[in-house]
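Notes for the one structure printed next.
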Amino acid sequence: MSSASSSVRRIAATVLAAGAIVSAAALPAAAHDGDRHHQQRPRVEISRVQADSPGREDRSNRSLNAEWVEIRNTTRNPINLRGWTLRDNDGNRYRFDNVRIGGRDTIRIHTGNGRDTRTDLFQDRRDYVWDNRSDTATLRDDRGRTVDTEGRRRSTGGGSRRGRREA
């Protein structure tokens, strides 16, 4: 009996040790998965893109400013976007100066000319930036890390095809 109880004890110890190893390995994975899930939503995000200016595309300032990208701060605290960039597929780039976006606020970056306000910024361009059919807006922080992207795909039938300004 002593050899049988000794075998049972060894098997039980082996099972407990295996369970402890599996639990120890699963705990960091579960914690990491929780972190990844928690960080899915960026602090600043591209919330909307109006790539196709409504109405006639005549390159008027009014038409250019009807093309915009909206950026939202998803946190409660203001964030300074100094050095951040907004870029399209063709490399057109808008660089933010000393721009603070308030907590839970949004700002729109218009293509044409205008006077910057707390809620509206202007790229001061004389040509359209965002392609009507397909383009991707990429927001990068001051270290060049991609914060968010917003893509647009549309069928090639209909719509206008406009020229692109180089950066």
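Details
- Within the shell defined by Cβ-Cβ distances under 13 Å, the residues around R108 carry a net charge of -2, with Lys and Arg each +1 and Asp and Glu each -1.
- Phi-based couplings in Hz for region 89-97 (Karplus 6.51, -1.76, 1.60; Gly and Pro marked x): 4, 7, x, 5, 10, 10, 10, 6, 7
- Net lengthening on full extension, R59/T117 (0.36 nm per residue, minus Cα-Cα): 18.6 nm
- Region 95-145 shape via C-alpha gyration tensor axes, a/c threshold 1.5: oblate
- Region 62-136 - percent relative contact order, Cα under 8 Å, separation 6 or more: 33 percent
None of the figures in this text is laboratory data; all of them are computed from the coordinates on show. Just so it is clear, the model here is predicted, and its values are computed rather than measured. When we count neighbours, we look across all protein chains shown, and the Cβ atoms used for this are built from the backbone with ideal geometry, even at glycine.
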